[in-house]
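Chemist: The structure under discussion is supplied below as structure tokens; questions concerning it will follow.
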Amino acid sequence: MTAADIVKEPSMLKQKEMIAHNYDLLTSAEARGQKVASTFVPGNLNELIRCFGLLNNLPEINAIQNGMRQLSGDYILEAEKRGHSEDVCTYVKADLGMMAKGNLAPNGKPLPKPDVLLLSYTGCFTFMKWFELVREQYQCPTIMLQVPYQGDGQITQNMRDYIVKQLKEEVIPTLEKVSGVKFDIDRLREHLAASAKAEDDLVWVLETGKLKPSPIDAYFGGVYYIGPIFTAFRGTQDAIDYYRLLRQEIEARIAAGLGPITPEGTMAKQKYRLVVEGPPNWTSFRELWKMFYDEGAVVVASTYTKVGGTYDLGFRHDPNHPLESLADYCLGCYTNRNLPQRVDLLQKYLTEYEADGLLINSIKSCNSFSAGQLMMMRTLERRTGKPGAFIETDLVDPRYFSAANVKNRLESYFQMIDQKRKVAATTGVHA
Amino acid sequence: MNTRQTLVERCSALFEDLSFGASRAWKDAQPGRKVVAYMPVYVPRELIHAAGMLPLGILGAGESLEVIHGDAYYQSYICRIPRSTLELGITGRLDFVEGFLFPSICDVIRNLSGIWKLQFPDVYVRYFDVPQNYVDGIGGSYYRRELEELKEGLEHLAGRLITPEALRASITLYNENRRLIAGLYALRTERPWQVPSSELYLVVRAGMVLPVEDHNQLLKDYHAAAVEEELPIRDKSRIVLSGVFCEQPPLSLIKAIEMAGCYIVDDDFMLITRWLLQDVPLDGDPLQNLVDAFLHHSAETSAKYQPEAKLKGQYLVDAVKGTKAEGVIFAAPSFCDPALLERPMLQTKLDATLVPHIGFKYAENSGQMQPVREQAGTFADSIKLWSNP
Ligand code: SF4
Ligand code: SF4
């Protein structure tokens with residue numbers, strides 16, 4: 001079956017439509033007089049932004065889109081030509097390069113100048129520098145929402161109070177000023193209730209990775225599943241509908257005993273069940289995915305699908321505690337958790353999803369994710385007895401994707417798992 | 001006798017001693033003493049001191065230590081300071097340290113705090129978060145509570161309470177330390193030939209491992225010696241060195257810049273010693289005074305958010321003006337996000353005020369200084385050319 005033959009499932013079509021519509025709204029915002037907030041994915045305040053009638057433009061999503069459409073390489077070179085170091089996060093450079101080259105959305109029309117930069121930096125310092133850089137160009141109001149890091153592996157009342165105070169005294173008043181709309185907490189409650197509904201279904205979907213065979217791929221497929229909730233749609237009816245559809249499709253797949261859908265159709269054999277840590281590579285996304293499904297490797301759980309919220313750990317946006325729940329949401333995002341917490345979460349995945357092992361895709365760009373991953377891997381190997389493997393790629397810089405290297409690594413990793421199984425079969429000792 | 005040479009030799013020995021003999025000696029001098037390490041760029045050392053413990057600044061392992069274990073923990077595209085620091089830990093060189101503070105400078109140091117927790121479970125490890133919001137009732141309240149938590153943690157570790165009197169006494173000593181260092185920096189700005197930067201660096205760096213009382217004396221002695229002994233004036237260009245606030249360049253790099261015809265008249269080495277820009281007041285609640293000083297009178301660096309767009313990068317322009325510098329050399333550790341993301345914004349600001357600049361990257365173990373000498377030399381020459389048309 002070729003990619004062209006694939007029948008797209010209704011949820012895929014729905015998401016495609018939602019994204020296209022959102023880009024159309026964004027690129028027509030100026031003409032229609034609608035205001036736009038630029039903000040980041042982890043810890044985004046979509047429900048709040050929507051209370052003010054603002055549209056939400058997410059630079060990482062633009063970078064991902066450009067990565068998948070093979071445009072980011074040029075954008076990165078453009079940014080480097082303008083003095084940005086080859087050493088820093090390529091999302092930032094893809095964004096700055098895109099701005100320098102006309103700031104075109106996937107629909108070919110220019111993205112609007114934001115009316116406000118909402119800098120909620122959760123889990124990564126680079127966000128702070130990123131918006132300082134972007135601010136230079138737009139000269140628009142910039143709101144900073146600092147989210148303290150869970151250094152000791154817990155959310156303290158002081159952290160929560162700090163975020164709520166910032167929301168009340170700085171974020172909300174500035175959004176009121178920028179939008180001209182008065183804040184209505186009941187409207188926020190409605191959005192939060194809508195978020196929670198969709199979040200329930202997302203968690204249900206992600207947890208089907210525990211089944212054998214797994215009806216989903218929780219990494220390559222997972223990045224599509226998190227799309228609406230991580231971006232501009234959390235808190236909307238569209239998101240509720242999307243996740244309902246998705247859930248129904250997966251229910252049907254489970255009933256039929258089918259595996260996940262890949263670009264080349266339904267995955268038939270599932271030889272290896274993996275947990276993946278780290279973001280995917282976007283410039284060779286399909287190629288990387290193929291290296292997995294060709295070998296019968298399915299990803300049953302991943303941490304990247306938790307960067308925009310760790311809903312599977314129980315968190316839900318809560319209309320009864322609107323601002324506190326926004327605070328807890330920001331504080332709980334995956335990269336805002338300390339390393340021991342990240343290790344514990346991965347250990348839980350390896351065990352509960354009955355995975356054969358852990359694969360780390362270490363991203364050159366991203367210190368937030370990557371600094372410490374080797375230690376994480378070794379700790380997990382020790383704790384679970386399951387083998388780990390390490391590949392190195394980048395997010396959107398095609399120069400750092402070496403297909404041959406990655407393929408070699410994966411092949412020897414799969415051999416290692418085979419060998420472990422053989423030993424277990426002959427000795428009766430299971431890892 | 002405390003000649004310049006003997007003082008610098010002493011500092012040099014402290015700098016080279018990766019077993020931290022001086023800090024160990026302090027600890028061994030009395031039973032029950034404890035040591036709390038910290039990384040760049042800022043922690044309130046006054047609190048550690050007021051608990052009767054020794055604050056110990058860890059700035060990586062420099063160029064001489066061969067990193068064997070650390071490389072197994074870090075990918076090649078991550079700066080060097082976390083791996084060499086881990087090397088110090090794994091090889092037992094920090095086995096006398098009971099606490100370790102990791103300030104919020106970047107994701108690498110942030111994550112290192114977690115590695116330390118996993119690797120050294122018996123050490124009191126705290127990620128020291130600071131506010132990026134400088135409003136008293138918002139960032140200030142948050143920071144106050146963070147300091148209270150840190151204080152409680154340190155009290156628990158020390159086995160004694162930090163009284164307001166003890167904290168005031170510590171603030172007094174660190175106020176003096178900051179004044180003495182500011183005095184040396186001012187002397188260097190005024191007469192850079194009298195205070196070579198490679199010496200000033202070592203003298204200030206000694207404060208990372210010595211008790212503050214000893215360091216204050218050392219600073220006084222060096223100042224006196226530096227004023228006394230006249231050194232020849234050379235025809236060099238005055239430059240500000242920017243970006244060296246975390247992983248340290250090898251000493252040979254500082255020397256190479258100086259030998260290439262530059263007087264370094266300002267820098268961002270060991271910002272902790274110059275983070276608070278004024279004396280912390282002694283009256284009233286000393287903990288609150290530390291909060292206020294951080295919020296309203298602290299140095300700027302790329303790890304800090306600048307809420308005012310038009311003030312972004314102004315600190316460097318001010319440093320250039322304040323020291324009558326003729327140019328800026330950006331030196332940043334390879335893969336250092338804070339320094340390398342900040343640099344283009346600083347460059348824009350300098351370009352707007354026609355301040356010339358060059359930039360390069362280094363690692364704490366960079367061996368080849370020839371390119372640096374050439375670049376800095378050409379830069380110094382071109383400054384001369386522009387200023388004497
Ligand atoms: S460093 Fe990582 S988390 Fe931060 S902006 Fe870049 S990709 Fe995102
Ligand atoms: S050198 Fe830069 S990136 Fe590395 S730990 Fe220090 S501040 Fe972070």
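Bear in mind these aren't lab numbers, they're just calculated from the coordinates by the rules spelled out. Owing to the predicted nature of the structure, the values given are computational and were not obtained by experimental measurement. Positions of Cβ are generated from backbone atoms using ideal geometry, with glycine treated the same way; all protein chains shown enter the neighbour counts.
Chemist: Under the definition of partner shielding as Cβ atoms of other protein chains within 10 Å of a residue Cβ, what is the mean value for peptide B:334-343?
Modeler: Per residue, the number of nearby Cβ atoms from other chains is 6 on average.
Chemist: Moving to a separate point now. Whole-Hz Karplus ³J(HN,Hα) for the range A:41-57, in order, using 6.51 cos²θ - 1.76 cosθ + 1.60 and θ = phi - 60°, x for Gly and Pro?
Modeler: My calculation for the range A:41-57 gives 5, x, x, 6, 10, 4, 4, 6, 4, 5, 4, 9, x, 8, 8, 10, 10 Hz in order.
Chemist: Which of the aspartates and glutamates could a cross-linker span from residue A:269 if the Cα-Cα distance has to be under 12 Å and same-chain partners fewer than 8 positions apart are dropped?
Modeler: A:294, A:295
Chemist: Test of understanding: given chain B, find the longest segment containing no GluC sites (Glu not before Pro) that are in a DSSP loop and have at most 13 other Cβ atoms within 10 Å.
Modeler: Result for the longest clean stretch: B:67-228.
Chemist: Using alpha-carbon positions, what is the distance between the centroids of the range B:262-316 and the range B:328-348, in Å?
Modeler: Rounded to whole Å, the Cα centres lie 19 Å apart.
Chemist: Another question, then. Report the longest stretch of chain B that contains none of the trypsin sites (Lys or Arg not before Pro) sitting in a DSSP loop with at most 13 other Cβ atoms within 10 Å.
Modeler: B:1-233
Chemist: Of all DSSP beta bridges located in chain B, what percent are antiparallel, nearest 5?
Modeler: 5 percent
Chemist: Right, here's the next one. Just A:20, A:232, A:355 to compare: in a GNM of chain A, with alpha carbon springs under 10 Å, which one fluctuates most?
Modeler: For chain A, modelled as a Gaussian network with Cα springs under 10 Å, the answer is A:20.
Chemist: Nearest 5 percent is fine: what portion of the DSSP beta bridges confined to the protein assembly as shown is antiparallel?
Modeler: Percent antiparallel among DSSP bridges in the protein assembly as shown is about 5.
Chemist: OK, next. Cα to Cα, under 17 Å, and not fewer than 8 places away if on the same chain: which aspartates and glutamates meet these conditions relative to residue A:113?
Modeler: A:24, A:30, A:60, A:95, A:132, A:136
Chemist: For each pair in A:364/A:386; B:321/B:384; B:304/B:384; A:109/A:177; A:101/A:407, compute the distance between the two Cα atoms and list the pairs where it is over 22 Å.
Modeler: Too far apart for the 22 Å limit: A:364/A:386; B:304/B:384; A:109/A:177; A:101/A:407.
Chemist: Sticking with this structure for a sec: Quick check on the range B:34-162: take the gyration tensor over C-alpha atoms, sort the square-rooted eigenvalues as a ≥ b ≥ c, and tell me if it's rounded (a/c under 1.5), prolate or oblate.
Modeler: The shape class here is oblate.
Chemist: With only Lys, Arg, Asp and Glu charged, each at its Cβ (+1 for the first two, -1 for the last two), find how big the charge dipole of the protein assembly as shown is about the Cα centre; round to the nearest 20 debye.
Modeler: With only Lys, Arg, Asp and Glu charged at Cβ, the dipole is about 1080 debye.
Chemist: Which one of B:225, A:227, A:340 is farthest out on the positive end of the charge dipole of the protein assembly as shown, using unit charges on Cβ (Lys, Arg +1; Asp, Glu -1) and the Cα centre as origin?
Modeler: So the residue we want is A:227.
Chemist: Cα-Cα over 27 Å: which of A:14/A:129; A:210/A:290; A:306/B:117?
Modeler: Long pairs (Cα-Cα over 27 Å): A:14/A:129.
Chemist: I need the shape label for the range A:354-413. Rule: rounded when a/c is under 1.5, else prolate if a/b > b/c, else oblate, with a, b, c from the alpha carbon gyration tensor.
Modeler: Oblate is the answer for the range A:354-413, as a/c is 1.5 or above yet b/c matches or exceeds a/b.
Chemist: Taking the Cα centre of the range B:326-389 as origin and charging only Cβ (+1 Lys, Arg; -1 Asp, Glu), how large is the dipole, in debye to the nearest 20?
Modeler: 60 debye
Chemist: May I have the pair-distance distribution P(r) for the range B:271-389, computed from all Cα-Cα distances with 5 Å bins from 0 and rounded to whole percent?
Modeler: Per 5 Å bin, starting at zero, the Cα-Cα P(r) for the range B:271-389 comes out as 2, 9, 16, 18, 18, 14, 10, 7, 4, 2, 1, 0 percent.
Chemist: Can I ask one more? Measuring from centroid to centroid over Cα atoms, what is the spacing of the range A:292-314 and the range A:90-112 in Å?
Modeler: 29 Å
Chemist: Taking the beta-carbon count within 10 Å as an exposure proxy, list B:252, A:284, B:19 from fewest neighbours to most.
Modeler: In order of increasing Cβ crowding within 10 Å: B:19, B:252, A:284.
Chemist: Here is a follow-up. Rounded to the nearest 10 degrees, what's the angle between the helix A:339-352 long axis and the longest principal axis of chain A, both from Cα atoms, 0 to 90?
Modeler: Result, in degrees: 50.
Chemist: Say the dipole of chain B comes from +1 at the beta carbon of Lys and Arg and -1 at that of Asp and Glu; which of B:172, B:65, B:242 then lies farthest toward its positive end?
Modeler: Checked the options; the winner is B:242.
Chemist: Per-residue Cβ counts within 10 Å, from other chains only, averaged over B:296-305: what number is that?
Modeler: Mean shielding by partner chains, rounded to a whole number: 2.
Chemist: A further question on this structure: May I ask for log10 I(q)/I(0) of the range A:287-409 at q = 0.10, 0.15, 0.19 Å⁻¹, from a Debye sum over the Cα atoms as equal point scatterers with solvent left out?
Modeler: For the range A:287-409 at q = 0.10, 0.15, 0.19 Å⁻¹, log10 I(q)/I(0) is -0.37, -0.78, -1.15.
Chemist: Related question: Suppose every K and R has +1 on its Cβ and every D and E has -1 on its Cβ; what is the size of the dipole of the range A:189-426 about the Cα centre, in Debye to the nearest 20?
Modeler: About 780 debye.
Chemist: Just check chain B against the gyration tensor rule for me: Cα atoms, a ≥ b ≥ c as the square roots of the eigenvalues, rounded for a/c under 1.5, and otherwise prolate or oblate depending on whether a/b exceeds b/c.
Modeler: rounded
Chemist: Something else about it: Pull up the cross-link candidates among the aspartates and glutamates for residue A:168, meaning alpha carbon to alpha carbon under 13 Å and not fewer than 8 places away within one chain.
Modeler: List returned: A:176, A:184, A:324.
Chemist: Pairing the Cα long axis of helix A:59-68 with the longest principal axis of chain A, what angle in degrees results, from 0 to 90 and rounded to the nearest 10?
Modeler: On a 0 to 90 degree scale, this one is about 50.
Chemist: Counting DSSP beta bridges with both partners in the range A:189-426, what percentage is antiparallel, nearest 5?
Modeler: Expressed as a percentage, antiparallel bridges in the range A:189-426 total about 10.
Chemist: If you average the C-alpha positions of the range A:354-373 and of the range B:35-63 separately, how far apart do those two centres end up, in angstrom?
Modeler: That distance is 31 Å.
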